[in-house]
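In what follows, a single structure is set out as structure tokens and then discussed.
The values are calculated or read from the model by the stated rules, or taken from the named source; none is laboratory data. Quick caveat, the model's predicted, so the values are computed rather than measured. Backbone-built Cβ (ideal geometry, glycine too); neighbour counts: all protein chains shown. These accessible areas exclude ligands, DNA and RNA; they are computed on the full protein's heavy atoms, side chains included. Shrake-Rupley method; radii C 1.70, N 1.55, O 1.52, S 1.80 Å.
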Amino acid sequence: MDDMDDMDGVPDLASFRGRTVVVKLGGSAMADRELLRTFARDVARLHRAGVRLVVTHGGGPQINAHLEKLGLPVTFRAGLRVTTPETMNVVRMVLAGQVQRDLVGLLNEDGPLAVGITGEDARLLTAAKRLAVLDGDEVDIGLVGDVTRVDTHVLRALTDSGLVPLVTGIGRGADGQVYNINADSAAAALAAGLRADHLVILTDVPGLYADWPRRDRIVERLTVTRAAELLPALSGGMAPKLESCLRAVRSGVGRAQLLDGRVPHALLHGSFGTGHTGTSVVPDPPHTPLNNLEDDTCASSPPRPPSSSVCTTSGSGS
């Protein structure tokens, strides 16, 4: 696909100049080299248009593969990885030492664009121990962290210099412990800290299904109140994704969007053009009684990419 084809259905990007967009890259888009290349081209195109981008990434499959080689268990609870001290060592090594390095190299193929950092650098992300909620009960899942503080000065310094920060979701707590931060949660915290205009989570589904397990309709738009109502009924990998979107918008982010990262140029076409727009969480309409909020709007589910499984309950985060 050449540059002219890339722009089909994409409006004049000049109108997006100066906007801050946080993107979480994850799922199959990270396992397919060609999808990664189209993502890198999207980032370069948006950067040239003056969009201030911050990218964070997952790496679940790579972590799983390394854990299996070492004979260590791969376990998820409520969509979050159970992280023992041994697992934490692998998470840190794979995410910061392998996955981030590969992505930085790919993003820099079009020029000196990306800089890789972790949440530990310049105390970007401060974390505290997080418990999972399973069937209404809190469950200890080890060294999994929730972001309690974001110091954005290093991100602003990089974006002010015309660079794209690539952030790995690892953070240190006030207790000195290093925590594994789910990449969706890290993206939401970064978007909130930056007061971003837009959060985009690229994942392995077209959006939130309206009548799961049926896959014929996608919820295109949810208000904050409606998203909060739906969240307790979700499980697996979709739960932390919708939770992250909800947190971001509640914290002042203009819009949070779940997009199908298996579709080439999903970021460019789905967020800035006329492609499938997935599911967006938006603020509640002002001055609207709670019992009269606009309901979620739905659309027919777009065709699924070939040879890809879709399931809203898979746990594949970092």
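Miscellaneous remarks
- Looking at region 107-221, the pairs of alpha carbons with a distance over 21 Å make up 51% of the total.
- Treating each Cα of region 6-113 as one equal point scatterer and applying the Debye formula with no solvent, the log10 of I(q)/I(0) at q = 0.17 Å⁻¹ comes out as -0.87.
- Along each principal axis, Cα extent of region 88-130, largest first, Å: 39, 22, 14
- Relative contact order for the chain, counting Cα pairs under 8 Å that sit 6 or more residues apart, in percent: 23
- Global form of region 218-260, assessed from the alpha-carbon gyration tensor, a/c cut-off 1.5: rounded
- Shown here are the Rg and Dmax of the Cα trace of region 161-202, at 11.9, 34 Å.
- Dipole orientation for region 18-82: of the candidates Val22, Gln62, Ala49, Ala49 has the Cα lying most toward the positive pole (charges on Cβ; Lys, Arg +1; Asp, Glu -1).
- Label-point separation in nm, Leu70 to Arg33, each point 7 Å along Cα→Cβ: 2.7
- Surface accessible to a 1.4 Å probe, per residue, for the residues of region 49-163, Å²: 46
- Cα gyration tensor shape for region 223-290, rounded if a/c is under 1.5, else prolate or oblate: oblate
- Each distinct pair of alpha carbons in region 73-162 adds a 1/r term; the inverse of their mean, the Kirkwood radius, is 15.3 Å.
- In terms of its Cα atoms, region 175-278 spans 47, 30, 25 Å along the principal axes, sorted from long to short.
- Applying the Karplus relation 6.51 cos²θ - 1.76 cosθ + 1.60 with θ = phi - 60° to region 163-170 yields 3J(HN,Hα) values of 10, 10, x, 10, 9, 9, x, 10 Hz, where x marks Gly and Pro.
- Solution diffusion estimate, µm²/s, Stokes-Einstein, the chain, Kirkwood Rh from C-alpha pairs, 37 °C, viscosity 0.692 mPa s: 168
- Calculated [222 nm] ellipticity per residue, helices only, for the chain: -8000 deg cm²/dmol; basis is -39500 (n - 2.57) per DSSP H run with n ≥ 4, divided by all residues, nearest 500.
- Dividing the C-alpha radius of gyration of region 38-96 by 2.2 N^0.38 Å, with N its residue count, gives 1.53.
- Derived scalar couplings ³J(HN,Hα) [region 173-188; Karplus, 6.51 cos²θ - 1.76 cosθ + 1.60; whole Hz; x for Gly, Pro]: x, 4, 7, x, 6, 8, 10, 7, 10, 3, 4, 5, 5, 4, 4, 5
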